[in-house]
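Q: One structure, pasted below without further comment.
The values are calculated or read from the model by the stated rules, or taken from the named source; none is laboratory data. On a predicted model such as this, the values are computed, not experimentally measured, just so you know. Every residue, glycine as well, gets a Cβ built from its backbone with ideal geometry; the counts of neighbours run over all protein chains shown.
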Amino acid sequence: MFTVAIVNQKGGSGKSTMAECLAVAAELEGTASAILDLDPQGTVYAWSKRRESANPPVLSVTAASYKDEWQRLKDAGAELVIIDTPARLQDVVLSAADLADLIIVPAKATIKDLERVEDSIKLACMNSAKPAFVVFNQVRAQKGRSEDAEKAIKSQRYPVCPVRIGLRVAFEDSDMTGQTPQETEPSGKAANEIRLLYKYVSRLLAQVESEGVNNFTGEEVNKSKSKRVANG
């Protein structure tokens with residue numbers, strides 16, 4: 001089983017929506033996925049209650065229970081577990097990151113978001129080296145702004161996902177019914193961006209599994225012995 005933790009110490013970066021979309025993308029590719037909603041706000045859990053489909057399952061967990069629930073999902077045959085982490089609760093985020101094979105840091109192209117990226121990655125990788133990358137989320141049409149943000153992150157030597165997730169109404173519309181753009185507008189731009197992001201994540205997880213090396217840092221990481229996520 002692979003585990004992905006979505007981390008950002010700043011609220012409003014789109015962590016919950018990204019967790020939902022990636023989990024659905026996995027299901028659509030035939031990969032059994034689940035979400036652990038570790039955020040006290042329970043955004044993903046509330047989304048699942050609006051959803052007609054039982055998959056992907058979403059479990060609302062606490063700092064005291066999430067490791068047990070993670071183990072239960074693993075024992076039940078889950079292939080991909082995504083952890084939606086809270087902002088600002090550093091001890092909780094650090095513990096969740098320890099379970100992860102991959103860290104995703106969604107960030108908007110604003111100075112306030114960029115200022116928290118370094119802190120978020122350092123926190124997630126405090127106990128052990130982890131593959132981690134930044135994905136720009138809620139990107140506006142002004143291309144120059146996101147390009148400047150990407151340069152700023154790369155100057156700090158943090159990897160940036162080549163896929164950018166746009167600020168699109170499809171995310172808001174699908175959220176009302178507990179769905180994602182892949183389900184409500186499968187041929188739309190938002191759905192395509194999520195598909196590309198999922199493929200990128202899948203390639204990284206397969207790389208970690210096969211090589212056991214974090215190519216972003218050159219440091220060894222714990223080699224996963226679980227099933228490979230579908231490459232899409």
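Q: For residues that are over 17 Å from F2 (Cα atoms) and in contact with a helix residue (DSSP H, G or I) (Cβ under 7 Å, 6 or more places away or on another chain), tally how many sit in region 56-76.
A: The qualifying residues number 3.
Q: Would you please name the residue that is farthest from A190 (Cα to Cα), looking only at residues in region 5-23 that are β-branched (V, I, T) and touching a strand residue (DSSP E or B) at 6+ places or on another chain (Cβ under 8 Å)?
A: V7
Q: In this structure, does I35 turn out to be in contact with a Lys or Arg (Cβ under 6 Å, 6 or more places away or on another chain) and surrounded by 21 or more Cβ atoms within 10 Å (Cβ to Cβ)?
A: no
Q: List the helices (runs of 4 or more DSSP H) that sit entirely inside region 140-232 and contain at least 1 residues that are out of contact with any strand residue (DSSP E or B) (no Cβ under 6 Å at 6 or more places or on another chain) and modelled with pLDDT of 95 or more.
A: Once the helices (runs of 4 or more DSSP H) in region 140-232 are filtered for at least 1 residues that are out of contact with any strand residue (DSSP E or B) (no Cβ under 6 Å at 6 or more places or on another chain) and modelled with pLDDT of 95 or more, what remains is 169-175, 181-184, 189-211.
Q: Further, regarding this structure: Restricting attention to region 48-68, does a residue exist that is of a type in the set (D, E) and crowded, with 17+ Cβ neighbours inside 10 Å?
A: Scanning region 48-68 turns up no residue that is of a type in the set (D, E) and crowded, with 17+ Cβ neighbours inside 10 Å.
Q: Failed condition for C21, given (1) under 22 Å from V135 (Cβ atoms); (2) surrounded by fewer than 24 Cβ atoms within 10 Å (Cβ to Cβ), with all others met?
A: Every condition holds for C21 apart from (2).
Q: With respect to the numbered conditions (1) surrounded by fewer than 24 Cβ atoms within 10 Å (Cβ to Cβ); (2) under 26 Å from R203 (Cβ atoms), which one is the sole condition not fulfilled by L94?
A: Answer for L94: the failing condition is (2).
Q: Then there is this: Could you please tell me which pairs satisfy a Cβ distance under 9 Å, a separation of 6+ or placement on different chains, a first residue in region 194-218 that is buried (at least 16 other Cβ atoms within 10 Å of the Cβ), and a second residue that is at pLDDT 75 or above and hydroxyl-bearing (S, T, Y)?
A: Final answer for the pair search is I194/T180; S202/T31.
Q: In region 26-41, which residues are more than 19 Å from V7 (Cβ to Cβ) and among the hydrophobic types (A, V, I, L, M, F, W, C)?
A: L28, A32, listed by residue number.
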